[in-house]
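K.L.:
Below is a structure I'd like to ask you about.
The values are calculated or read from the model by the stated rules, or taken from the named source; none is laboratory data. Not measured: the values here are computed from a predicted model. All Cβ positions, glycine included, derive from the backbone under ideal geometry; neighbour counts span all protein chains shown.
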Amino acid sequence: MLLNVISPASTRLHTKLSEQIITIVRLTVLLIMVSASLVGVVQAKTYTEIEWTDLMPQDDLSALLDPPEFLNEIEDGSQQDSVEALNQRQLNDEKAQRYREALISTRIIDEFNGKAVRIPGYIVPLEQNQNREVTAFFVVPYFGACLHMPPPPPNQVLYVSFKDGIALENLQQPYWFEGTLTVEVNQHELGTSAYTFNLNDYQLYE
(Lines give C-alpha, C1' and ligand atoms only; values in the text may rest on other atoms or scores of the structure.)
Protein backbone atom coordinates (compact mmCIF):
# COMPACT_ATOMS: atom_id res chain seq x y z
CA MET A 1 0.00 0.00 0.00
CA LEU A 2 1.28 3.46 -0.95
CA LEU A 3 1.12 6.17 1.65
CA ASN A 4 0.82 9.90 0.86
CA VAL A 5 3.60 11.35 2.92
CA ILE A 6 4.49 15.06 2.83
CA SER A 7 8.14 15.39 3.55
CA PRO A 8 9.62 18.32 5.52
CA ALA A 9 11.37 19.43 2.32
CA SER A 10 8.06 19.62 0.46
CA THR A 11 6.55 21.64 3.28
CA ARG A 12 9.43 24.11 3.22
CA LEU A 13 9.12 24.43 -0.57
CA HIS A 14 5.39 25.10 -0.34
CA THR A 15 5.92 27.73 2.37
CA LYS A 16 8.63 29.44 0.33
CA LEU A 17 6.42 29.56 -2.77
CA SER A 18 3.56 31.02 -0.76
CA GLU A 19 5.82 33.72 0.64
CA GLN A 20 7.05 34.58 -2.86
CA ILE A 21 3.48 34.84 -4.15
CA ILE A 22 2.52 37.14 -1.25
CA THR A 23 5.59 39.29 -1.94
CA ILE A 24 4.70 39.56 -5.64
CA VAL A 25 1.11 40.55 -4.81
CA ARG A 26 2.32 43.21 -2.39
CA LEU A 27 4.77 44.60 -4.95
CA THR A 28 2.04 44.66 -7.59
CA VAL A 29 -0.29 46.60 -5.29
CA LEU A 30 2.53 49.00 -4.41
CA LEU A 31 3.33 49.58 -8.10
CA ILE A 32 -0.33 50.30 -8.84
CA MET A 33 -0.48 52.83 -6.02
CA VAL A 34 2.74 54.52 -7.15
CA SER A 35 1.52 54.62 -10.75
CA ALA A 36 -1.77 56.21 -9.67
CA SER A 37 0.15 58.82 -7.69
CA LEU A 38 2.38 59.58 -10.66
CA VAL A 39 -0.64 59.94 -12.92
CA GLY A 40 -2.11 62.41 -10.44
CA VAL A 41 1.12 64.40 -10.46
CA VAL A 42 1.22 64.45 -14.24
CA GLN A 43 -2.39 65.56 -14.44
CA ALA A 44 -1.75 68.33 -11.93
CA LYS A 45 1.03 69.66 -14.15
CA THR A 46 -1.06 69.78 -17.32
CA TYR A 47 -2.34 73.29 -16.51
CA THR A 48 -0.20 76.06 -17.91
CA GLU A 49 -0.04 79.04 -15.56
CA ILE A 50 -0.64 82.23 -17.53
CA GLU A 51 -0.83 85.97 -17.04
CA TRP A 52 -3.95 87.92 -17.98
CA THR A 53 -2.07 89.94 -20.56
CA ASP A 54 -1.22 86.69 -22.38
CA LEU A 55 -4.86 86.57 -23.49
CA MET A 56 -4.81 89.84 -25.47
CA PRO A 57 -2.96 91.09 -28.56
CA GLN A 58 0.09 93.20 -27.82
CA ASP A 59 -1.25 96.28 -29.61
CA ASP A 60 -4.40 96.21 -27.46
CA LEU A 61 -2.22 96.07 -24.34
CA SER A 62 -0.07 98.95 -25.57
CA ALA A 63 -3.16 101.10 -26.18
CA LEU A 64 -4.59 100.39 -22.71
CA LEU A 65 -1.29 101.25 -21.06
CA ASP A 66 -1.41 104.68 -22.69
CA PRO A 67 -4.87 106.06 -21.75
CA PRO A 68 -6.04 109.57 -22.74
CA GLU A 69 -5.47 112.23 -20.09
CA PHE A 70 -9.13 113.25 -19.84
CA LEU A 71 -9.92 109.97 -18.04
CA ASN A 72 -8.18 111.36 -14.96
CA GLU A 73 -10.82 114.08 -14.81
CA ILE A 74 -13.76 111.66 -14.66
CA GLU A 75 -15.14 111.14 -11.16
CA ASP A 76 -15.77 107.57 -10.04
CA GLY A 77 -19.46 106.71 -10.15
CA SER A 78 -20.39 109.73 -12.27
CA GLN A 79 -22.44 109.54 -15.47
CA GLN A 80 -19.22 109.81 -17.44
CA ASP A 81 -17.71 106.86 -15.61
CA SER A 82 -18.81 104.21 -18.13
CA VAL A 83 -17.86 102.67 -21.45
CA GLU A 84 -21.18 103.89 -22.90
CA ALA A 85 -20.28 107.49 -22.08
CA LEU A 86 -16.84 107.02 -23.59
CA ASN A 87 -18.35 105.57 -26.76
CA GLN A 88 -20.61 108.63 -27.13
CA ARG A 89 -17.75 111.05 -26.65
CA GLN A 90 -16.34 112.78 -29.71
CA LEU A 91 -12.70 111.74 -29.97
CA ASN A 92 -10.39 113.54 -32.36
CA ASP A 93 -7.22 112.16 -30.83
CA GLU A 94 -5.96 109.00 -32.56
CA LYS A 95 -4.52 107.71 -29.27
CA ALA A 96 -7.88 108.14 -27.52
CA GLN A 97 -9.66 106.39 -30.39
CA ARG A 98 -7.27 103.44 -30.21
CA TYR A 99 -7.74 103.29 -26.44
CA ARG A 100 -11.52 103.12 -26.86
CA GLU A 101 -11.17 100.34 -29.43
CA ALA A 102 -8.93 98.32 -27.11
CA LEU A 103 -11.35 98.82 -24.23
CA ILE A 104 -14.11 96.94 -26.07
CA SER A 105 -11.87 94.53 -27.96
CA THR A 106 -12.96 90.92 -28.41
CA ARG A 107 -9.75 90.06 -30.23
CA ILE A 108 -8.25 86.93 -28.77
CA ILE A 109 -5.13 84.76 -28.96
CA ASP A 110 -6.06 81.70 -31.03
CA GLU A 111 -3.49 79.41 -29.38
CA PHE A 112 -5.49 79.50 -26.14
CA ASN A 113 -8.56 77.94 -27.74
CA GLY A 114 -8.86 74.50 -26.07
CA LYS A 115 -5.84 75.10 -23.82
CA ALA A 116 -5.79 73.96 -20.17
CA VAL A 117 -4.63 76.88 -18.04
CA ARG A 118 -4.25 78.08 -14.47
CA ILE A 119 -4.97 81.74 -13.81
CA PRO A 120 -5.64 83.95 -10.76
CA GLY A 121 -8.64 86.23 -10.60
CA TYR A 122 -11.76 87.57 -8.91
CA ILE A 123 -15.37 86.45 -9.22
CA VAL A 124 -18.12 88.70 -10.55
CA PRO A 125 -21.37 86.79 -9.76
CA LEU A 126 -23.98 86.55 -12.51
CA GLU A 127 -26.28 83.74 -11.31
CA GLN A 128 -26.79 81.70 -8.15
CA ASN A 129 -28.72 78.64 -7.05
CA GLN A 130 -31.24 78.25 -4.22
CA ASN A 131 -28.38 77.76 -1.77
CA ARG A 132 -27.00 81.15 -2.80
CA GLU A 133 -23.98 79.52 -4.39
CA VAL A 134 -22.61 81.23 -7.50
CA THR A 135 -23.27 79.09 -10.58
CA ALA A 136 -22.41 81.56 -13.35
CA PHE A 137 -19.82 84.29 -13.13
CA PHE A 138 -17.11 86.30 -14.80
CA VAL A 139 -13.50 85.82 -13.79
CA VAL A 140 -11.67 89.16 -13.96
CA PRO A 141 -8.09 90.25 -13.25
CA TYR A 142 -8.81 92.74 -10.45
CA PHE A 143 -11.39 93.52 -7.80
CA GLY A 144 -14.11 96.00 -8.76
CA ALA A 145 -13.90 95.20 -12.46
CA CYS A 146 -17.15 95.70 -14.40
CA LEU A 147 -18.13 98.33 -11.81
CA HIS A 148 -15.63 101.12 -12.37
CA MET A 149 -14.03 102.86 -15.30
CA PRO A 150 -12.08 101.59 -17.04
CA PRO A 151 -13.48 98.05 -16.94
CA PRO A 152 -11.42 95.17 -18.33
CA PRO A 153 -11.94 94.62 -22.06
CA PRO A 154 -13.77 91.44 -23.15
CA ASN A 155 -10.48 89.70 -23.93
CA GLN A 156 -9.61 90.12 -20.24
CA VAL A 157 -12.84 88.53 -18.98
CA LEU A 158 -13.65 84.81 -18.69
CA TYR A 159 -17.20 83.48 -18.53
CA VAL A 160 -17.79 80.45 -16.29
CA SER A 161 -20.88 78.26 -15.91
CA PHE A 162 -20.36 76.02 -12.87
CA LYS A 163 -23.38 73.96 -11.82
CA ASP A 164 -21.72 72.75 -8.59
CA GLY A 165 -21.70 76.34 -7.38
CA ILE A 166 -19.18 78.31 -5.32
CA ALA A 167 -20.03 79.56 -1.83
CA LEU A 168 -18.67 83.08 -2.27
CA GLU A 169 -18.44 84.97 1.01
CA ASN A 170 -16.17 87.82 -0.01
CA LEU A 171 -16.03 89.52 -3.41
CA GLN A 172 -12.54 90.74 -2.57
CA GLN A 173 -11.21 87.19 -2.22
CA PRO A 174 -9.03 86.16 -5.19
CA TYR A 175 -8.83 82.56 -6.39
CA TRP A 176 -6.72 80.31 -8.54
CA PHE A 177 -8.80 78.83 -11.36
CA GLU A 178 -7.91 75.72 -13.37
CA GLY A 179 -9.73 74.66 -16.51
CA THR A 180 -9.92 74.83 -20.28
CA LEU A 181 -10.36 77.99 -22.35
CA THR A 182 -12.53 78.23 -25.44
CA VAL A 183 -13.01 81.20 -27.72
CA GLU A 184 -16.65 82.21 -27.29
CA VAL A 185 -18.22 85.62 -26.70
CA ASN A 186 -20.71 85.88 -23.82
CA GLN A 187 -22.71 89.02 -23.15
CA HIS A 188 -24.32 90.10 -19.90
CA GLU A 189 -25.59 93.40 -18.54
CA LEU A 190 -22.47 93.54 -16.36
CA GLY A 191 -20.10 93.06 -19.26
CA THR A 192 -18.85 90.96 -22.15
CA SER A 193 -16.31 88.14 -22.22
CA ALA A 194 -14.33 86.96 -25.23
CA TYR A 195 -13.44 83.62 -23.62
CA THR A 196 -15.44 80.85 -21.98
CA PHE A 197 -13.74 78.90 -19.20
CA ASN A 198 -14.63 75.27 -18.48
CA LEU A 199 -13.78 75.23 -14.77
CA ASN A 200 -12.29 72.04 -13.33
CA ASP A 201 -10.97 73.25 -9.99
CA TYR A 202 -10.41 76.35 -7.90
CA GLN A 203 -8.49 77.27 -4.74
CA LEU A 204 -8.06 80.36 -2.60
CA TYR A 205 -5.27 82.60 -3.82
CA GLU A 206 -2.72 82.69 -1.00
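K.L.:
Can you pull out the residues in segment 152-184 that are closer than 25 Å to Val83 by Cα, surrounded by 14 or more Cβ atoms within 10 Å (Cβ to Cβ) and among the aliphatic types (A, V, I, L, M)?
P.N.:
Val157, Leu158, Val160, Val183 - these are the residues of segment 152-184 that are closer than 25 Å to Val83 by Cα, surrounded by 14 or more Cβ atoms within 10 Å (Cβ to Cβ) and among the aliphatic types (A, V, I, L, M).
K.L.:
Next question. Just a yes or no: is a residue in segment 158-175 of a type outside the set (Ser, Thr, Tyr), touching a helix residue (DSSP H, G or I) at 6+ places or on another chain (Cβ under 7 Å) and assigned to a loop (DSSP other than H, G, I, E, B)?
P.N.:
The answer is no; no qualifying residue exists.
K.L.:
Take Glu127 and decide whether it is surrounded by fewer than 19 Cβ atoms within 10 Å (Cβ to Cβ) and assigned to a helix (DSSP H, G or I).
P.N.:
On the way: surrounded by fewer than 19 Cβ atoms within 10 Å (Cβ to Cβ): yes; assigned to a helix (DSSP H, G or I): no.
For Glu127, the condition - surrounded by fewer than 19 Cβ atoms within 10 Å (Cβ to Cβ) and assigned to a helix (DSSP H, G or I) - is not met.
K.L.:
To continue, here is another question. Among the listed residues Gly179, Gly165, which satisfies the condition of being at pLDDT 95 or above, in contact with a Lys or Arg (Cβ under 9 Å, 6 or more places away or on another chain) and within 16 Å of Leu55 (Cα to Cα)?
P.N.:
Numbers: Gly165 fails: within 16 Å of Leu55 (Cα to Cα).
After ruling out the rest, the residue left standing is Gly179.
K.L.:
Do we have any residue at all in segment 187-204 that's in contact with a Lys or Arg (Cβ under 9 Å, 6 or more places away or on another chain), crowded, with 18+ Cβ neighbours inside 10 Å and farther than 17 Å from Leu126 by Cα?
P.N.:
The answer is no, given that none of the residues of segment 187-204 is in contact with a Lys or Arg (Cβ under 9 Å, 6 or more places away or on another chain), crowded, with 18+ Cβ neighbours inside 10 Å and farther than 17 Å from Leu126 by Cα.
K.L.:
Continuing with this model, one more query. Residues that are among the β-branched types (Val, Ile, Thr), closer than 18 Å to Asn198 by Cα and surrounded by 19 or more Cβ atoms within 10 Å (Cβ to Cβ): does segment 133-142 have at least one? Can you show your working first?
P.N.:
From segment 133-142, those among the β-branched types (Val, Ile, Thr) are 134-135, 139-140; that's our starting set.
Adding the requirement that they be closer than 18 Å to Asn198 by Cα leaves 134-135, 139-140.
Filter once more, keeping what is surrounded by 19 or more Cβ atoms within 10 Å (Cβ to Cβ): 139-140.
Checked against the condition, which is being among the β-branched types (Val, Ile, Thr), closer than 18 Å to Asn198 by Cα and surrounded by 19 or more Cβ atoms within 10 Å (Cβ to Cβ), segment 133-142 yields at least one hit.
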